[in-house]
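Take a look at the structure below.
Read-outs: derived from the displayed coordinates by stated rules, not from any lab. Treat the numbers as computed from the prediction; the structure is a model and nothing was measured. Note that each Cβ is placed from the backbone with ideal geometry, even for glycine, and that neighbours are counted across all protein chains shown.
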Amino acid sequence: MGFLSSILSKVFGGASAAVESVKDAVLPHHPHAAEVPAPAEPAAPAAPVPLPVVDVTALLDGLAAKNAEKLDWKKSIVDLMKLIDLDSSLSARKELAKELHYTGDTSDSAAMNVWLHKEVIKKIAENGGQVPAELLS
């Protein structure tokens with residue numbers, strides 16, 4: 001699993017249980033599905049189940065409030081990664097930069113960190129995370 005997948009998994013982890021409960025409510029499951037003969041005509045496709053929107057600010061602010069360290073996840077990729085219990089070392093951030101196709105100089109960690117933070121926040125938003133507009137600019 002790549003770093004971005006790990007980040008998304010940590011941020012949206014609580015949402016996945018909600019998605020499963022919605023799917024169960026919308027898509028009926030027959031207890032003896034293997035015993036039910038297949039219909040002669042293909043069944044209509046099930047309606048797509050919308051993913052729940054995750055309030056990233058509330059989630060991460062809640063984690064930050066419980067953390068003994070003062071972590072500023074809104075400005076720092078290092079703090080964001082620490083907050084969700086991921087490796088925030090320089091080598092981990094360089095790997096994340098490679099995964100996200102960073103074209104800058106990874107030796108300039110300050111510039112790389114700024115880019116990584118913006119890109120990760122953007123990816124969270126693209127995947128259903130509700131993030132403040134000021135973090136996306």
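Of the residues 112, 81, the one with the fewest other Cβ atoms within 10 Å heads the list, and the complete ranking is 112, 81.
A P(r) calculated from all alpha carbon pairs of segment 45-137, with 5 Å bins opening at zero, reads 3, 13, 22, 22, 18, 11, 5, 3, 2, 1, 0 percent.
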